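K.L.:
Before I ask anything, let me first share the structure, which is written out below as C-alpha cells.
The values are calculated or read from the model by the stated rules, or taken from the named source; none is laboratory data. This structure is a prediction, so every number in the text was calculated from the model and none was measured. No Cβ is skipped: glycine too gets one built from the backbone with ideal geometry, and neighbour counts run over all protein chains shown.
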C-alpha cells in the first residue's frame, strides 16, 4: 500500500511540473476501479493514452474521454515512445 501511495504521489507531483512539450504517450492495460480514473487524469493533463482491457465496455468508457483503444499489446507497444 505504501509503495503505491509513494508511486502515485511521485507521478502526481511530476505531472504538475510538465510543460506542453513534455506530453507523453502512455500505454495502459487494465481499466478497472483504479485504472479508469488514472487514465482519465492522464488525459486531463494532455497526455496521449493507449488502452487495452479484456472488458470491451471498460475500453469504450475511456475512449469517450479521448483514449485510443489498442486491440493487441504488440500494437500498443509500437505506439509508445521509447
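K.L.:
Does residue 31 count as at pLDDT 90 or above, on the phi < 0 side of the Ramachandran plot, crowded, with 17+ Cβ neighbours inside 10 Å and in a loop (DSSP other than H, G, I, E, B)?
P.N.:
Taking the combined requirement at face value, the residue satisfies it.
K.L.:
Okay, moving on. Among the residues of the stretch 4-22, is any out of contact with any strand residue (DSSP E or B) (no Cβ under 6 Å at 6 or more places or on another chain), within 24 Å of residue 73 (Cα to Cα), modelled with pLDDT of 75 or more and not in a strand (DSSP E or B)?
P.N.:
no
K.L.:
Within the stretch 71-82, can one find any residue that is part of a loop (DSSP other than H, G, I, E, B) and modelled with pLDDT of 90 or more?
P.N.:
no
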